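S.K.: One structure is given below, represented as structure tokens, and several questions about it will come after.
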Amino acid sequence: MADTQNIPDEAEVRAKWGDFKFTPATQKAANREIAKYPAGRQKSAVMALLDLAQRQVGKDTKTQGWLPVPVIEYVAAQLDIPYMRAYEVATFYTMYNLAPVGKYHVQVCGTTPCMLRGSDDVMAACKNKGMVKGKTTPDGLFTLTEVECMGNCATAPMVQINDDNYEDLDYDKTTAVLDALAADKKPKTGTQINGRHTSEPEGGVTSLAAMVEKNHDYRKEW
């Protein structure tokens, strides 16, 4: 199951992040999100604003980003809602980090489909790169987290690293992805099986083959 994050000491957090404000670019994006909702319903933008705030913190810290308490308070004030309402959202969704993470946040799915397809090998590859579950490597490069299902069961096992998914993994493929990231390269996202594009059968489609190249109406053939 998803790991519990160790929230840093609040006094230190407030000393560093107590004067947090959106940059002009982030504020413009926030205003755009708020404007999507009717007057008086601006609280509906809370998820978008928390994401924007986390990304700004990430840019400032050169990591994936996280949400210090003063930052969540700032988002709540932007939307004129109680702090607790924003905090409830931040603590419910694992897309929000409540503690600092590394440049690359490696989230390994350990739910049943991924486990049956080899998530233990994915986790082993991460650990053999010096990662410890729930911790950040000393160089600040990787944070390892085990999470619940992220909806890629057809291409299990998978990991999400920052905004990208890497699927159809095994020990060697996971190692290759991590090595590329450590070398500041951009590994191929999605499935790691050559010739596979999304979640179609390995080795090619076995049904509705005419749909591969163009939209095909099968109704007259049934």
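The values are calculated or read from the model by the stated rules, or taken from the named source; none is laboratory data. Given the structure is predicted, the values throughout are model-derived calculations rather than measurements. Every residue, glycine as well, gets a Cβ built from its backbone with ideal geometry; the counts of neighbours run over all protein chains shown. Only protein heavy atoms, including side chains, enter the accessible area calculation; ligands, DNA and RNA are left aside. Shrake-Rupley method; radii C 1.70, N 1.55, O 1.52, S 1.80 Å.
S.K.: For the range 125-132, just list the computed ³J(HN,Hα) in residue order, Karplus coefficients 6.51, -1.76 and 1.60, θ = phi - 60°, integers in Hz, with x standing in for Gly and Pro.
M.R.: With coefficients 6.51, -1.76 and 1.60, one gets 4, 5, 5, 6, 9, x, 7, 10 Hz.
S.K.: Follow-up question, since we're still on this one. Given labels modelled 7 Å from the Cα in the Cβ direction, how far is it in nm from Tyr83 to His216?
M.R.: Taking the two extended label points, one gets 6.1 nm.
S.K.: Return the single residue from Ala86, Ala35, Ala182 with maximal mean-square fluctuation; model: Gaussian network over the chain, springs between Cα atoms under 10 Å.
M.R.: For the chain, modelled as a Gaussian network with Cα springs under 10 Å, the answer is Ala35.
S.K.: Taking the Cα atoms only, what angle lies between the long axis of helix 171-182 and the longest principal axis of the chain, rounded to 10 degrees?
M.R.: Rounded to the nearest ten degrees, it is 40.
S.K.: Let me ask something additional. Would you mind pulling out the separation of the Cα centroids of the range 82-105 and the range 109-156, in Å?
M.R.: The range 82-105 and the range 109-156 have Cα centres spaced 19 Å from each other.
S.K.: Given R₀ = 35 Å, what would the calculated FRET efficiency be for Ala11 paired with Lys188, taking r from the Cβ atoms and rounding to 0.05?
M.R.: Using R0 = 35 Å, I get an efficiency of 0.20.
S.K.: If I take R0 = 35 Å and measure r between the Cβ atoms of Asp60 and Cys149 in this structure, what FRET efficiency does the formula 1/(1 + (r/R0)^6) give, to the nearest 0.05?
M.R.: Numbers: r = 31 Å, r/R0 = 0.89.
That gives a FRET efficiency of 0.65.
S.K.: Turning to a different aspect of this structure: Pairs of Cα atoms under 8 Å, at least six residues apart: use those to get the relative contact order of the range 116-222, whole percent.
M.R.: RCO, the range 116-222: 21 percent.
S.K.: Charges only on Cβ, +1 for Lys and Arg, -1 for Asp and Glu: so what's the dipole of the chain about the Cα centre, in debye to the nearest 20? Let's see the in-between values first.
M.R.: Values: 26 positive and 29 negative charges, 141 e Å.
Using Cβ point charges on Lys, Arg, Asp and Glu, the chain gives about 680 debye.
S.K.: Return a whole-number percent for the relative contact order of the chain, with Cα pairs under 8 Å and 6 or more residues apart as the contact set. Write out the running numbers ahead of the final one.
M.R.: On the way: 323 pairs, mean separation 36.0, N = 222.
Dividing the mean separation by the residue count of the chain yields 16 percent.
S.K.: Keeping every protein chain present and rolling a 1.4 Å probe, give me the accessible area per residue for the range 27-128 in Å².
M.R.: Value for the range 27-128: 50 Å² per residue.
S.K.: For the range 77-222, which whole-number percentage of the solvent-accessible area (1.4 Å probe, protein heavy atoms only) is attributable to carbon and sulfur atoms?
M.R.: Answer for the range 77-222: carbon and sulfur cover 53 percent of the accessible area.
S.K.: Further, regarding this structure: Measuring from label point to label point, each 7 Å out along Cα→Cβ, what is the Leu208 to Lys135 span in nm?
M.R.: 4.7
S.K.: Using the Cα atoms as the points, what is the convex hull volume per residue of the chain in Å³?
M.R.: Once divided by residue count, the hull of the chain is 176 Å³.
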